[in-house]
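Participant: Sharing a structure with you now.
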Amino acid sequence: MPKVTYVYDDGSEHTVEVAVATSLMRAALRNQVRGIVGECGGAATCGTCHVYLDHSTEEFGPPSGDEDEMLEWTAAPRAENSRLSCQLVPTEEGAHLVVRVPAEQV
Ligand code: FES
């Protein structure tokens, strides 16, 4: 089962397992990960699941048009590795992903 580690600016981390076909946003909500709200339920319309994806990750393709547009309206500044965690669904069984949760969301 894939794992994801959510990293905070204070150096703390929260690692969880991600069930098959589950987004990083859903995995965060199921495990009470701080700073991921998922207000729109994964429709890419709220931006409350914004994360910074580790640069070494090649697991996901580029953002869709809707995700790309929403990333312009997140509470924390957009970076080139910004993603909506509701749009990130790991497929590799042994994947261990790392994302940083923006301080503005915690
Ligand atoms: S949950 Fe709303 S944009 Fe991801």
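The values are calculated or read from the model by the stated rules, or taken from the named source; none is laboratory data. Since the structure is predicted, the reported quantities are computational estimates derived from the model, not experimental observations. Heads up, the Cβs are rebuilt from the backbone with ideal geometry, glycines too, and the neighbour counts pull from every protein chain shown. Surface accessibility is based on the protein's heavy atoms, side chains included, excluding ligands, DNA and RNA. Shrake-Rupley method; radii C 1.70, N 1.55, O 1.52, S 1.80 Å.
Participant: Calculated FRET efficiency, Val20 and Asn81, Cβ-Cβ r, R0 25 Å, to nearest 0.05?
Facilitator: 0.50
Participant: DSSP loop (so not H, G, I, E, B), at most 11 other Cβ within 10 Å: list which trypsin sites (Lys or Arg not before Pro) in segment 2-106 pass both filters. Before the final figure, lay out each step's value.
Facilitator: On the way: sites: Lys3, Arg26, Arg30, Arg34, Arg78, Arg83, Arg100; in loops: Arg34, Arg78.
Of the trypsin sites (Lys or Arg not before Pro), not one in the loops of segment 2-106 has a Cβ with at most 11 other Cβ atoms within 10 Å.
Participant: Here's another thing I want to ask about it. Starting from 0 in steps of 5 Å, tell me what percent of the Cα-Cα pairs of segment 3-105 lands in each bin.
Facilitator: Histogram of Cα-Cα distances, whole percents per bin: 2, 14, 27, 28, 21, 7, 1.
Participant: Moving on. Taking a 1.4 Å probe, which of Glu58, Glu92, Glu39 shows the most accessible area, and what order do the others take after it?
Facilitator: Final ranking, largest accessible area leading: Glu58, Glu39, Glu92.
Participant: What accessible area per residue, rounded to a whole number of Å², is obtained for the chain using a probe radius of 1.4 Å?
Facilitator: Per-residue value: 53 Å².
Participant: Hey, another quick one. At 222 nm, what value in deg cm²/dmol follows for the chain if DSSP H runs of at least 4 each add -39500 (n - 2.57) and the sum is divided by all its residues, to the nearest 500?
Facilitator: -3000 deg cm²/dmol
Participant: Okay, next question. Under the 0.36 nm per residue contour assumption, what length would be gained going from the current alpha-carbon distance of Arg34 and Glu93 to full extension?
Facilitator: 18.8 nm
Participant: Accessible area of segment 28-106 with a 1.4 Å probe: how many percent of it is carbon plus sulfur?
Facilitator: Numbers: 2080 of 4340 Å².
Carbon and sulfur together cover 48 percent of it.
Participant: Continuing with this model, one more query. Taking loop as defined by DSSP and a crowding limit of 15 other beta carbons within 10 Å, which chymotrypsin sites (Phe, Trp or Tyr not before Pro) in segment 7-75 fit?
Facilitator: Those satisfying the criteria are Phe60.
Participant: Please build a GNM for the chain, connecting alpha carbons under 10 Å apart, and tell me which residue among Glu80, Glu72, Glu93 fluctuates the most.
Facilitator: Judging by the Gaussian network model, the answer is Glu80.
Participant: Looking only at Gly65, Gly47, Gly38, which one moves most when the chain is put into a Gaussian network model with springs between Cα atoms under 10 Å?
Facilitator: The residue with the greatest mean-square fluctuation here is Gly65.
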